[in-house]
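Okay, structure first, notes after.
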Amino acid sequence: MHRPPVDSPPRPPDHRTATRAAAALAVCSALLLILVAAKWHPLITVDGDIARTTHRWAVDESGLTHAFRILTDWVWDPLTMRLVCAAAVAWLVWRRSAWWTALWLAATCALAGLLQQTLKAAIDRPRPVWHDPVDSASYAAFPSGHAMTATVVCGLLLWLLHRYGPGRAVWRTALALGVVSVLGVGLTRVWLGVHWPSDVVGGWLLGAMLVALAVVVHQRKIHS
């Protein structure tokens, strides 16, 4: 039996929903970026209070902290997420002959990495510093690369899966894994003391914005 290519979706597009979501997320991302860059005192205070509290917990709960290090360094690491994306790209090409969608997926993930590194260099926000650290990380703090990469990869893959009507069990399992991964990686970065909470929120917002923009591009291309 011949399977229809991924680039021939059975569902009509809704450009307006994705466009509105992208615009709202862009505004929120820009506002948070400005507040971080300006070192807005209320934001810095909340970041510091949360970071100090979670650091005390991380030091006291060494077993849980070790588990979080495994999750953030191996399961939810940006490299792992990019490998998952690469596997999806390969599947789209070899099993579905969906060359344009595969290129779209790879390009969006690459753009996320470029945007993340550009913002880190431009804002150059210092990471939290502790006299008794439980983990370490390199480069600047804002935005969280772990949170942003997980949001982009999970968001794009979930959108592609949902677009073609998976079975209920498959969809619920994939959705649960995606939500746990995106939320979990952000929480572990704060728990381990390598990011301020607003770094993670920024990663989530920017990642979601890129997903929404990518959906707009995909829908317009396929239905143009």
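When Val179, Val200, Val129 are screened for being open to solvent by less than 10 Å² (accessible area, probe 1.4 Å) and not charged (D, E, K, R), only Val200 passes.
When the stretch 94-108 is examined, which residues are found to be open to solvent by less than 20 Å² (accessible area, probe 1.4 Å) and in a helix (DSSP H, G or I)?
Thr101, Ala102, Trp104, Leu105, Thr108, listed by residue number.
A Cβ distance below 7 Å, combined with a sequence gap of six or more or placement on separate chains, defines the contacts here; from the stretch 51-64, residues that are part of a helix (DSSP H, G or I) reach residues that are loosely packed, with under 14 Cβ neighbours inside 10 Å in the pairs Val59/Asp132.
Is there any pair with a first residue in the stretch 134-156 that is part of a helix (DSSP H, G or I) and a second that is basic (Lys, Arg) and open to solvent by 20 Å² or more (accessible area, probe 1.4 Å) whose Cβ atoms are under 9 Å apart and which are 6 or more apart or on different chains, and what are they? These pairs meet every condition: Thr149/Arg82; Val153/Arg82. Inspection of the stretch 118-134 finds no residue satisfying the criterion of being farther than 30 Å from Arg52 by Cα and of a type outside the set (D, E, K, R).
Name the one entry in Trp76, Trp57 that is closer than 18 Å to Val200 by Cα and either among the aromatic types (Phe, Trp, Tyr) or in contact with an Asp or Glu (Cβ under 7 Å, 6 or more places away or on another chain) (or both).
One residue alone meets the criteria, Trp76.
If you check Arg168, Arg163, which single one turns out to be without any contact (Cβ under 8 Å) to a residue 12 or more places away in the chain and of a type in the set (Lys, Arg)?
Working: Arg163 fails: without any contact (Cβ under 8 Å) to a residue 12 or more places away in the chain.
Every option except Arg168 fails the conditions.
The values are calculated or read from the model by the stated rules, or taken from the named source; none is laboratory data. Computed from a predicted structure; not experimentally measured. Using ideal geometry, Cβ is built from the backbone for each residue, glycine included, and neighbour counts are taken over all protein chains shown. Accessible surface is based on the protein model in full, side chains and every heavy atom, while ligands, DNA and RNA are left aside. Shrake-Rupley method; radii C 1.70, N 1.55, O 1.52, S 1.80 Å.
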